[in-house]
Amino acid sequence: MLVLASASPRRRELLRLIAPEFEVLSVDLDERAITADCPAALVEKLASAKAAAAAARRPDAVVLGCDTVVDLDGQVLGKPADRSEAEQMLRALSGRSHLVHTGVCAIQNGAAHTLVETTRVFFSPISEEEIAAYVSTEEPYDKAGGYAIQGGAARFVTRIEGCYFNVMGLPVSALYRLLRSLDI
């Protein structure tokens with residue numbers, strides 16, 4: 001059985017593209033206690049910690065842990081805590097490119113297999129009025145970097161280099177290849 005250690009509805013939706021049957025098991029993890037030298041290493045460690053926590057409860061299953069962050073010049077932009085933080089993030093991203101890293105860890109029979117996928121996202125300049133309108137929606141508040149590429153923020157994205165689904169929180173093709181290599 002495949003178990004997704006994530007409460008994210010986007011990850012569930014994307015995982016269904018390659019694995020129609022799986023269970024969801026949310027884990028309680030203090031993410032602030034986990035640190036790393038760079039954002040890409042951080043998502044790998046967070047994904048591994050989430051997978052390990054779920055695998056401890058479901059050792060018989062193949063467990064997937066995932067984490068996504070926005071990386072702006074080496075600074076991690078997680079989920080904004082409030083409107084002010086969402087506005088600050090969008091101002092910082094306006095007219096620039098940034099990286100989105102997603103770490104994935106699959107634990108099978110006690111062995112961890114990890115990957116980190118990185119996508120570069122380019123934003124057009126965003127006006128103060130556009131920022132105010134966007135943060136008035138519910139969209140920014142449960143997403144790394146304070147935006148949803150698949151939602152209203154699509155109007156700010158001029159192009160991407162890499163996996164689109166990675167920006168949504170799950171690198172579908174890379175995960176598919178990983179699961180195939182594990183005969184899942």
Cα centroid separation - the range 1-76 against the range 105-180, whole Å:
14
Exposure proxy check: GLU21, GLU139, GLU44, GLU13 ranked by fewest other beta carbons within 10 Å?
GLU21, GLU13, GLU139, GLU44
Positive-end residue, the chain charge dipole about Cα centroid, Cβ charges, pick of ALA154, ILE184, ALA7
ILE184
Sequence-distant aspartates and glutamates (8 or more away, or on other chains) whose Cα lies within less than 19 Å of LYS45
ASP28, ASP30, GLU31, ASP37, ASP67, ASP71, GLU117
Fully extended, how many nm does the chain gain between ARG12 and PHE122 (0.36 nm per residue separation, minus their Cα-Cα distance)?
37.0 nm
Listed residues GLU129, GLU23, GLU85, most fluctuating in the chain (Gaussian network, C-alpha, under 10 Å)
GLU129
Note: ARG91 to ALA154 extended length (0.36 nm per residue) minus current alpha-carbon separation gives 21.1 nm
Helix 83-93 vs. the chain, principal-axis angle (Cα, 0 to 90°, nearest 10)
80
Table column - 3J(HN,Hα) (Hz), the range 131-143, Karplus curve with 6.51, -1.76, 1.60, x for Gly and Pro:
4, 4, 5, 5, 6, 7, 8, 7, 4, x, 7, 10, 10
With no solvent and one equal point scatterer placed on each C-alpha of the range 31-138, evaluate the Debye formula and give log10 I(q)/I(0) for q = 0.19, 0.20, 0.24 Å⁻¹, two decimals.
-0.93, -0.98, -1.19
What's the magnitude of the charge dipole for the range 24-139 around its Cα centre, counting Lys and Arg as +1 and Asp and Glu as -1 at the beta-carbon? Answer in Debye, nearest 20.
420
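Taking the DSSP beta bridges in the chain as the whole, what percent of them are antiparallel, to the nearest 5? Could the numbers behind the result be given before it?
Details: 28 of 34 bridges.
Roughly 80 percent of the beta bridges in the chain run antiparallel, per DSSP.
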So what's the range 2-181 giving for Cα Rg divided by 2.2 N^0.38 Å, two decimals?
1.02
Under the definition of Cα pairs under 8 Å and six or more residues apart, what whole-number percent is the relative contact order of the chain?
22
Rg and Dmax of the range 91-160 over Cα atoms: what are they, in angstrom?
15.3, 52
For the pair GLU21 and ALA41, how long in nm is the line joining their label points, each one 7 Å along Cα→Cβ?
4.1
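Where a number appears in this text, it was derived from the coordinates with a stated rule and is not lab data. All of these numbers come straight from a predicted model, not from anything done at the bench. Because the Cβ atoms are built from the backbone with ideal geometry, glycine has one as well, and the counts that use them run over all protein chains shown.
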